[in-house]
Each structure stands twice: as structure tokens, then as C-alpha cells.
Amino acid sequence: MTTFIIRRLLQLIPVLLGVTILVFSLMHLTPGNPAVIMAGESAPEATVRAIEARLGLNDPLHIQYFNFLGSALQLDFGVSIRDNIPVFDHIRPRFFITMELAIYGTIFAVVVGLLAGIVSAARQYSFSDVALMVVALFGLSMPNFWLGLMLIQWFAIELRWFAPTGWGDPNQIALPVIALGTAGAAIIARMTRSSMLDVLSQDYIRTARAKGVKERIVIFRHALKNAMIPVVTVIGLQFGYFLGGSILTESVFAINGLGRLIIDSILQRDFPVVQGAILVISVSFVVVNLVVDISYRFLNKRVDLN
Amino acid sequence: MTTKQLLKVENLKQYFPIKGGFLGRTVNHVKAVDDISFTLNKGETLSVVGESGCGKSTTGRAILRLDEPTEGTVEFDGQDVLGLSKAEMRKMRSDMQIIFQDPYASLNPRKTVRQTLNEAMEIQSVVPKRERNDKIIELMETVGLQKHQIDRFPHEFSGGQRQRIGIARALSVNPKLIICDEAVSALDVSIQAQVLNLLKRLQSEMDLTFLFIAHDLGVVRHISDRIIVMYLGKIVEMGETKSIFENPQHPYTKALLSAIPVPNPKKKSERIFLRGDVPSPIDPPSGCRFHTRCPFATDKCREETPVLEAKDEIYEGKHTVACHYALDIQAGKHEAKYEMTNVRKALNE
Amino acid sequence: MSENILDINDLRTSFFVEGNEIKAVDGVTFQVPKGKTLGIVGESGSGKSISALSILQLIDDPGKIVGGSIRFKDEELTTAKGSRMRNIRGNEISMIFQEPMTSLNPVYTIGQQLREAYKIHQGLGKREGTKRAIEMLELVGIPSPEKRVDQYPYELSGGMRQRVMIAMALACKPELLIADEPTTALDVTIQAQILELIKNLQEEIGMSVVMITHDLGVVAETCDYVAVMYCGKVVEFADIETLFENPRHPYTVGLLNSLPRHDIDQDELVPIKGSVPAPDEMPSGCRFAPRCPHASDICRELPELETQEDGNDVRCWIYTEQWDGEKGVKVYDNETTS
């Protein structure tokens, strides 16, 4: 197990390098001189030169990359062009909001998805199975920004149960979490259903029944732990998508998270901020996947064998 | 009787690498087949028997180069099989065919009998195009399928019929040698008998040679002229069918034969129980590989690997065995270390 | 015949697929005498496993028991409540299955799976359960059981896993053990261990056994009585010696004639012609008639399972007064007459 974790950590290095290269190129391979883009088309030559010098844009590309990498390792992503505040200070508070949103979204997706999937599988072809799977298909096909808008329309504006915008209060949290988590819940529900059906037809389930185990325990203890093995991977991926998906949700619900920061910064051409925010999201995604891989390993002891 | 040698296998080894460690290096080998030699004469049926993991299927695959052998030589009809180029090997395959255990898995589900047989003949181009249709019908009749089933798909046949298609496919290229890898193991006994009879009939009609790989010793006794008994990648005993069954020499062969339930309630045989399970072929036991489970084992067995040899006094040179004590056990001079007829004692060792 | 622990009468289990009824078990009748071993033999599709699963009501959808009775110690099981069935399973009647590799739950240790049986039926806690689990593992001949108890199934060989299955089935000392092809997936030397073990434990616990198998050798070695099944029906029920020496039904004879033997020299195998009919082509009369070398016009009607003078049963017109053809069927060199 320890060797496995060490190997996984070592494998992380090339992945993270790749991520930084991509994020780095984002700024440097986009057409046009970044300094001109930052300063604006009509800025005087001297201003452009000054920006170039400040950003080290005259150095060879690989030197620039290593400088960028070195600073990024110390969580120094430069300063914002708008207000000269260090990028990291912009990111930090918003990062926690986005993480909160993604975590709640994941919890919502997992709880709703698992329950729906288990019920569906336990009562295959029943009315509740068909109904749940139709709803899941709906949830899957609905774009989350549209769902967000609909939720605001019904529950915030007409019924006034929840606040339409913002983040922090319980009544502000519910709608964005549902908007963000619904698609994930649908995916997890479908995945859980098929995985459970597969497991329920296994020989060891028959063994459990032949032992006199109650049906409820057959499902929740004997089947679920096995069925979870493929589902865990999906949950991990979902969490990653939620980090990215938060961009739309945060815009719809006017939440001051990383996603919104990225959009605002793109609109204002605040490239250091965009760069830093994307890097943080990417790294979180990679780390989450690592955690999923390791927990997968704990769940499925057989992987150890190979 | 003049016998012509068709296949000669010498010092065949098949090691499969095990990858591991940080960089996926080869850390060890599964020694699936470890230095075996035997010959197969034209027109005879030689069976390879043994329990799972003994290397019997690997041997068949290695001869056909379905897995490239690690070491050794395979000579077929005087030609060095392992030295052939890819193109030459493809041509050679029309002489050497294989039938697998699961006919369903080895037939393309989207191809009819006609297409399957046509394709086999096309690859080997042994039959001119015009004559193929007649040949297909002839083949189907040979293996006992109806002419009107020619355009049916594998799923429309029963297990026994599918195995007949597999046999027809093997026959379509006029092979000299057919390797039957557990070819009748998956069939019900009434169907199995049909297929066994078919194989026997084909052998005498078409002058075929069979290398028959099987674990069912009833089937093996019925079909073979000679038998090879394998254990953990090595041949432990080899001889004519009758002498193997009626006068087994190796303690493993004896245990194996005694373990088979006899379909006669009045004939309860004295059973020899082996202790434990078959060890891993990754780090096989030193010396005689059977020593960990053998009730007769001594220090010599742990250290020296016994040679497969004829012990002339009793075997007339046709029956070879790899055991240091075969003669002594036979003569009652070497006794077992523990009681072999009590299952509890064997299991708890 | 001694008292019967299990008495199955006209059991019918069907599968309902796309509006069609497939009669997997079509009027099965047999008895298991107390303390004895009954073998159920038949080829694939004969309904032998489904009959066994029906006893414990372990038939999955879309299968259903549609008729007949299963009496266990004079208690009707086909109408028993779910809670009563759970009480019986693994406690009074246990079952072991064909595939030891897949019959244990891969994500729980051997000990956890064994303890569960003690917890359900005897309310034992973790410590007492573990102690009993280790005793049980020792009883089935697993070396260093106190170590094995904490291992996962993948760490054990096939033979070991089947012994764990047996330990689990026998944990609560059941009165009846149903073994569904318990050694089919195992090598012969391991099979010999397992069969001997079951026999020893049967004597120690005093239980009855239903041994389902396709291997006539296993039947000859382990059973006292045999029910031969073909296409969902019992065609012959006999004590073990009669079955092998004086088989009556042409199907039983065909099976014995098809069997390649390792213990004697045989010139030729005599197979049964044709193959098992598909469910939609099932003959309405004697199911075996299309493959039977003796079939005559009367075989278009279904014969009853009738008891013969020696107390054994056979379902064949040859042994009735209506039969006008040649009497008797042939197996090996023994001529058998009605």
C-alpha cells in the first residue's frame, strides 16, 4: 500500500508539470503580445515596454517558464493588473467558497444519486425504478445554468423559499448546490444502478441470501460496498467537474467564487489572475483524483494483487 | 511397426515475465513450462494431462507459437518450427491446427458456418475458390452437421454442434496435426461421447495426429495411445496409456488416478490424499517439484531434480518416470512419511 | 426406507421471459431420507440446480415457484414466510455452490463472512463469533486458521475457498446440506479432499445431503440414492446400487454408455443421439422420446413416475403394461429387463 501511494505521488510530478506548462502557454501562446493586451491597444510604447520588463517577457521562453514555476511553487502568481494586489490574495478567499460549493454539490450528488440508484436496482423494472431513471435522464440532459435560472425563478422569486443570489447563509446555499449537483446526481444514480444490478447477480450475493441474511443487509452491506468500487471513480471525476462547472453556477447565482473571478478577470484581461486561478483549480482536480485512487485501493483490496 | 516421427519437442521452456516495481521492470517469471521434451508419432494420439497450472495448455500454445517459447526446439515434419519467418509460419499453420475448449468464444459470432469455413480456407489457400462450397458441405457432413445449417450463426447451434464447427474449421485446411486443448471439457457427457467418437473416426479416416490436452482422465484413457503427466511445468511420467493407468510409477500420478471418483458404487478405491495445494509456478520448489506434497519425499528430493528416465526392469523402455524412488517404492523398500488415506491428516499438515 | 427429512412433490418452477413460460422444473418429485445423501444428476438444462435453489426459495426474478410442495420435516416451505425462510437458510438448511472463486464476497474477510452466520442465527458477538469461526476453519482442514480468518478471499486458492464455503454452510450445524456441483470447478486431487471432507462432516454432524452433480463418478462415491433428471423432470429415482447395476430409464442407460471410464478398458462409447430439445421445442409426451432408441408411438404421451417392485421409481412406458415393444434396455454388457 505504501509503495502504491509513493508511486502515485511520483506519477503526480509529470502530470503537474504538464498542467503548469499548459497554464503557462495559455498566456504566452495566445496571439498577440501579452504586454499590449494588458496595457490596451492604444497604450504608449513606453508603458508596453515597462510591462514587458516587469513580467520578464523579454527573457527566453524556457527561462520565463522556470521563473513562473518557481514562483508558483511558493504560491506567488504575480500581482493583479487591475489593482496590483497579489494574485494569491485574490484567489484564497474565493478558493474556499468554490471548494465549499463543489463539496456540497458532491455531497448532494452522492447522497441523492446513491439512494436513487440503490432503490432503482433493488426494485428493477418497478414503477419507482422507471420514474427515477426518467428523472435522472432529465437531470443529466439539463444544462446547469438553465436549471439554475429555473430554480431561481420558482423557489426564489415565486415561492420566496430561498435567496436568489449570494453565498454563506443556508438559504443561499441550497439552490446553487442543487443546480450544480443535479447532473452529477443523475450520473451517479445511473452508475450505481447498473453497478448494483451487476453485483446483485453475483454468486456471493446468493451465498449471503443462502446464509439467511436479511434483504436490506444483503443490499446495504454485501452489495453496496462492491457496487461502490466503480462509483467512487465517478464521484471523484464529478468533484473535478464541479470545480470547473462552478464557473457557470457562480455566475448565475452571483457567488464570489473562483469561477466568477476567472470570468471577471478574463473580461478585464487580468491574465495573471486567470493563470493563477486556473492553476489552482487544475491542481485541486489532480489532487482529488489522487485521493480517489487511493480510496479506491482501500475499497478494492484485490487491486493490490497485481 | 514403423513409426514416423511427426513432432519433436526438445527442452521447451515457456517463462512469462512478471512486471512490477516502480518502473514496471521484469521482477520474476512464471515458469509455466520448464524444460520438457517429447516426441509425437504420425497417426497417434498423445495426451497431456495434469491439474490446472501444470503447463499443459501452455505447451500446446508454445508448439503453435501462439505464445513465443522462451527456449527449446520444436521440430515438425523435420522442419524447425521456431526458426520459421512469419510468412512461413502462417503456411505451417495449415499443417497444425488447434481446437479450443470453448467453441463459442473461438468462433466469430457474426459469421455463418459458410463464412467461417470459407475464411479458414482462404487464409491458407489450400482449396481453389470454385471448389470451396462443395468442400464446405463435405466438411459439414464429415463432422455431422446438416447441409441446411450452412448459413446459420454460431448462436443458433448447441454447444456440441459448435464444437463440430470448430472441428470442421480445423479440418478445412487439411492439417496433419490437431492440438485439442480441452476440446470436449465443456460438453455434457452424452454430447462429449459423440464428439469423442467423431474425433476417433476422423483420425482413422484422415490419418490425423492428435495432441490431446485434457484434465478428464476418463476421456484421456479412452482416446490416447500414450500419455504425458505434467506437474508444475515438468513431465513427471510418460508412457503408453495402459501402463500409465494400470501401473503408474510416480507418486503424483498415483495420487491423481486414485483421486478420480469411480462410477461404480461397489468399487471404492483406496484414496491417496495429497497435502496442501499446488505451489506457485513463480518460485517452484527446488529439486523434485512434487516434494512439498509427496509422502515419500526425502532430502534428496529437495535437492536433486530427478531425470525423466526409463527404469528398464519394469518398464521395457517405453514408460519413463521422473522420481528418485520409483523402483524402491515399487519394491516396497521406501515407505511413506505419513498416512495418506486420512483426509484430515493430509489437510492439516 | 427411513424417515424423510425432505419430501418434494410435483415441484414446478418456471421462468417468465417476454410473455413465455419456460418450465425449468416441471413436476419434480423426490425424497431425502434422514442422514442419507441423495444425488441429483443430469446434464446442463435438466433443472437440477433450479430444483435445489427452489428448496431455499432462492430463485431470482423472473423465476417463480408455480406449483407443488416442498416439505422439510413436515413443514411446508413453498408457503413459508420470508422471516421463517431466513431462519431456515444457513441454519437448518445450508447450501454450497459450484464456483468457490466467486461465491465469497471479495470485500470482506473470511472471518467477517463466517461471523455473520453466527450473528444471524445465534446472536453471537464479534469475539465469540471469531472463536467459533476459527474452530470451524480448523474443522474443514484449513492450516493456521487464526491467520486465515483475517484474510480476504483472493488470498486463498480455489480448494481453500470451497472449504471456507463448507465451513460457513456448516457453521450452525444444519440438518440438511445442499451441495450444488461443489467440486466441478476444482482439480481432481482437490475434489477428492472436498468430497471426503463433506462425507466426514456429514457423519459427525449427522446431517442429510443433497448432492447435485453431472459427474456419475461423484454420485457413485458419495450418494445413497439418486434422482436422474432430464428436461425438468425426474426420470428415474433409485438406490445407488440399482442405478448403476440395473438402470431402467433409457436416458440413464445412455448416460452410463456415454461415459468414458478411467478404471476399465472400453472399446467404444455409445452416445445418446441428438441433443437436449430447446424449451420451445419441448415434446409434449416423454421428453426423451426424440433421442430414445426404444421410442414407440405410446411415447407421444407423457409417462408417470411409477414405483417398481424394488421400491425405485422410473418414468418410462417400457415398464408399464401398455408397452408392446421389446422389453429391456442395454448397458455395457448387462441386459436389463423390466
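All of the numbers you see were taken from the coordinates with simple rules; none came from a lab. Please read these numbers as outputs of a predicted model, since none were measured by experiment. Here Cβ is always computed from backbone atoms with ideal geometry, including for glycine, and neighbour counts include all displayed protein chains.
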Check your understanding: According to a simple spin-label model (label point 7 Å from Cα along Cα-to-Cβ), what is the distance in nm between residue B:138 and residue C:135?
Key -> 7.3 nm
Check your understanding: Given the protein assembly as shown, what percent of its DSSP beta bridges are antiparallel, to the nearest 5?
Key -> 65 percent
Point to revise | Nearby lysines by direct alpha-carbon distance to residue B:111 (threshold 20 angstrom, same-chain neighbours under 8 apart not counted) | key: B:129, B:135, B:147
Practice item. Using a Förster distance of 51 angstrom, determine the FRET efficiency expected from the C-beta separation of residue B:341 and residue B:200, and round it to 0.05. Key: 0.90
Check your understanding: Could you put A:161, A:167 in order, starting from the residue whose Cβ has the fewest other Cβ atoms within 10 Å?
Key -> A:161, A:167
Practice item. Estimate the FRET efficiency between residue A:62 and residue A:89 by the formula 1/(1 + (r/R0)^6), using the beta-carbon distance for r and 35 Å for R0, to the nearest 0.05. Key: 0.75
Review point. Measuring from centroid to centroid over Cα atoms, what is the spacing of the stretch C:280-309 and the stretch C:235-263 in Å?
Key: 18 Å
Point to revise | Cut-off under 5 Å, modelled amide H: who pairs with residue C:233 long-range | key: C:26
Practice item. Principal axes first, then extents: for the Cα atoms of chain C, list largest minus smallest coordinate on each axis, whole Å, largest first. Key: 69, 48, 40
Point to revise | Test item: Cα-centred dipole of the stretch A:2-73, Lys/Arg +1 and Asp/Glu -1 on Cβ, debye | key: 420 debye
Revision key, fill the gap. For C:48, B:242, B:266, ascending order of other Cβ atoms within 10 Å (fewest first) is B:266, B:242, C:48
Exercise for review: Along Cα→Cβ, 7 Å out, is where each label goes; now give me the distance between the ones at residue C:20 and residue B:80 in nm to one decimal.
Suggested key: 5.8 nm
Exercise for review: Calculate the dipole size of the stretch B:56-98 relative to its Cα centre from +1 charges on Lys and Arg beta carbons and -1 charges on Asp and Glu beta carbons; express the result in debye to the nearest 20.
Suggested key: 260 debye
Exercise for review: For residue B:242, list the lysines whose Cα falls under 16 Å from its own Cα; do not include residues on the same chain fewer than 8 positions away.
Suggested key: B:254, B:318
**Study point:** Exposure proxy ranking, count of Cβ atoms within 10 Å, fewest first, for C:26, C:7, C:74
**Key:** C:74, C:7, C:26
Exercise for review: Give the Rg/Rh ratio for the stretch C:247-336, taking Rg as the radius of gyration of the Cα atoms and Rh as the Kirkwood radius, to two decimals.
Suggested key: 0.98
Exercise for review: For the pairs B:268/C:36; B:234/C:147; B:19/B:234; B:266/B:333, note any where the Cα-Cα span goes beyond 29 Å.
Suggested key: B:234/C:147; B:266/B:333
Revision key, fill the gap. Yeah, the protein assembly as shown with a ≥ b ≥ c from its alpha-carbon gyration tensor (a/c under 1.5 is rounded, else prolate when a/b outruns b/c, oblate otherwise) is prolate
Check your understanding: With each label point set 7 Å from Cα along the Cα-Cβ vector, what nm distance links residue B:122 and residue B:333?
Key -> 6.6 nm
Exercise for review: Would you mind getting me the FRET efficiency between residue C:122 and residue A:203? Use the beta-carbon distance for r and R0 = 22 Å, nearest 0.05.
Suggested key: 0.30
Review point. Using alpha carbons only, how many degrees (0 to 90, rounded to 10) separate the axis of helix B:132-142 from the longest principal axis of chain B?
Key: 40 degrees
Point to revise | Per residue, the convex hull volume that the Cα atoms of chain A enclose (Å³) | key: 166 Å³
Study note, to complete from the structure: Of all DSSP beta bridges having both residues in the stretch B:5-229, the percent classed as antiparallel (nearest 5) is 55 percent
